[in-house]
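Please read the structure below before turning to the comments.
The values are calculated or read from the model by the stated rules, or taken from the named source; none is laboratory data. Remember, predicted model here, so these are calculated numbers, not experimental data. Every residue, glycine as well, gets a Cβ built from its backbone with ideal geometry; the counts of neighbours run over all protein chains shown. SASA here: full protein model, heavy atoms, side chains in, ligands and nucleic acids out. Shrake-Rupley method; radii C 1.70, N 1.55, O 1.52, S 1.80 Å.
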Amino acid sequence: RSSASLLKWRLAGRIMAMDEADSAESQAKKARTASKAIGATWGAPPGGPVPRPAPGECVSAALTYQGDDVPRSLVATGKVRTIRDGSGSDGDYVGCDFVRRDVQVLNGRGREFSLDDHGFTLVQDPREHIDYFDEKQVLEKYYPEVCELVKKATGAKEVYAFDHNVRSNALSDSKKQLQGGNQVQGPAFVVHGDYTTTSAPRRVRDLATPPKVNDTLRKLLGDRPLIDPERVDALLSGRWALMNVWRNIKETPVQEMPLGLCQGDSMPLEDIVTFEIHYADRIGENYFAIHSAGHKWVYFLEATRDEAIVLKCWDSAGKAFADKSAEKTVPSTFTFHSAFEDPSTPVGADDRASIEVRTVVFF
C-alpha cells in the first residue's frame, strides 16, 4: 500500500473504533438510566412484621442507595442528573442506579445524639398544634416557633425559616393540596443529602435576593429578601448552617415509613455522588450516596408530634469542608437521610404524615 492509502486505512480503523466506543458508551448510559422510580419502595418483608426493636436494638431494613459504578464526586460532573419540569415532575434519572442495600437501623430511643457530633438530635417540643395543612398557619405561626426551637437547640444568634414540605404517602397518592399551598408530597425513599458544597452557600445567597414567583416565602415577604443583602457576605464569613426540623403531625405516633438518619461522622466523602437537577432556569444539586459498611443508621421509633428531629443539611464548621481559617470545626457536616419501610411496622398501621421546615442558621 502507498503511504497515503495506508494513512486512510488507519484513519478509517480509528473512526470505526471511535464509533464502536461511542456506541458502547451510549448503551452503557442507557443501562445506567435507572428504571426504578425514585419514590418506589422495596416491599414489605416476607413472613409479616418482626418484633419492635427495644431502645438500643436494631432492625434490618432496605434502603435505596446508588450502585457501586455510579460516578462519585463532591461537585457536579454532568454525569448524574435529571430534568425537572415546571410541575415538579422528573424525567429519566441519567447516570443513576437505584439499588437495594440492607442495613441495620438503630432504635435511638434512650441515647444522646448531638448536632455537632452526629448531625441530628431529638428534642421534646410539646406545643399548641396548628392545622399543618393550612399554609397560612404554617408560615405565620409555625415558622417563628421553629426558629425559636432551633435557636434553643443550637445556641445560634439568628435563625430564619424559609421553606417546608408536608409529606404523606396516602395523601400524595390522592393529590391532596395544602390549603393555600402546594401539593402534599410522598416520603423520599432514597439516601440523600439536601445540599452540596456548591448548592449550600448558593442557597443562602439566594435568600438575600427577592423571593422568586414560586418561592414559599413570597407569600410572606413579597419582594423583600429574607436576609439583608448588605449583611450576607459577613454572615457567610462566620459559622452558618442549613437545618431541617422534622415533625410527625398526627395525633398518633409514626407507625410506618419513619425517617432514617445516617450519622454524619460515619459518611466518608468517597461514598458521595453529586446529583444535578436541571430546571428551566437553573441547576440544583443534592448528594446521593453509595453504600459502605461503616454507615451508622438511626431512627426514633414511634415519633410523636410533641417531639421534633433537628437535622443538619449543611454546617460550614463541618471538618470535612470547613475553611482553614475557621475558629471551630465539628465532626459532622451533614446528615444523609431517607424514609424507609420499617419491618416491625404492624399490619394495617396508620399512614405517616409529617412536616419538615428548612432553616438557615447563623452563629
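Quick notes
- Interchain or long-range residues, amide H under 5 Å from LEU301's placed H: GLY108, ARG109
- Highest mean packing comes first when the peptides 171-182, 133-144, 253-264 are listed by Cβ atoms within 10 Å, giving 253-264, 133-144, 171-182.
- Percent carbon-and-sulfur accessible area, the chain, ignoring ligands, DNA and RNA, probe 1.4 Å: 50
- Mean-position separation - Cα centroids, region 136-176 and region 73-106, in angstrom: 25
- Shape class for region 307-363: prolate, because the ratio a/c of the largest to smallest gyration tensor axis (alpha-carbon atoms, square roots of eigenvalues) is 1.5 or more and a/b beats b/c.
- Averaged per residue, the chain has 49 square angstrom of accessible surface, using a 1.4 angstrom probe with ligands and nucleic acids left out.
- D_trans [Stokes-Einstein, Kirkwood Rh over alpha-carbon pairs] for region 53-195, 37 °C, 0.692 mPa s, µm² s⁻¹: 174
- Above-threshold pairs, the threshold being 25 Å between Cα atoms, out of LYS176/LYS250; LYS175/LYS250; LYS141/LYS319; LYS212/LYS328: LYS141/LYS319; LYS212/LYS328
- Distance in nm between pseudo-label sites at ASP92 and ALA234 (7 Å out along the Cβ direction from Cα): 5.1
- Simple spin-label estimate for ASP131 and LYS157 in nanometres, 7 Å along Cα-Cβ: 4.0
- Amide H contacts of GLN183 (H built 1.01 Å from N, under 5 Å, at least 5 apart or other chain): LEU178
- Here the chain is treated as an ellipsoid with the same Cα gyration tensor; its semi-axes, largest first and in whole Å, are 38, 27, 21.
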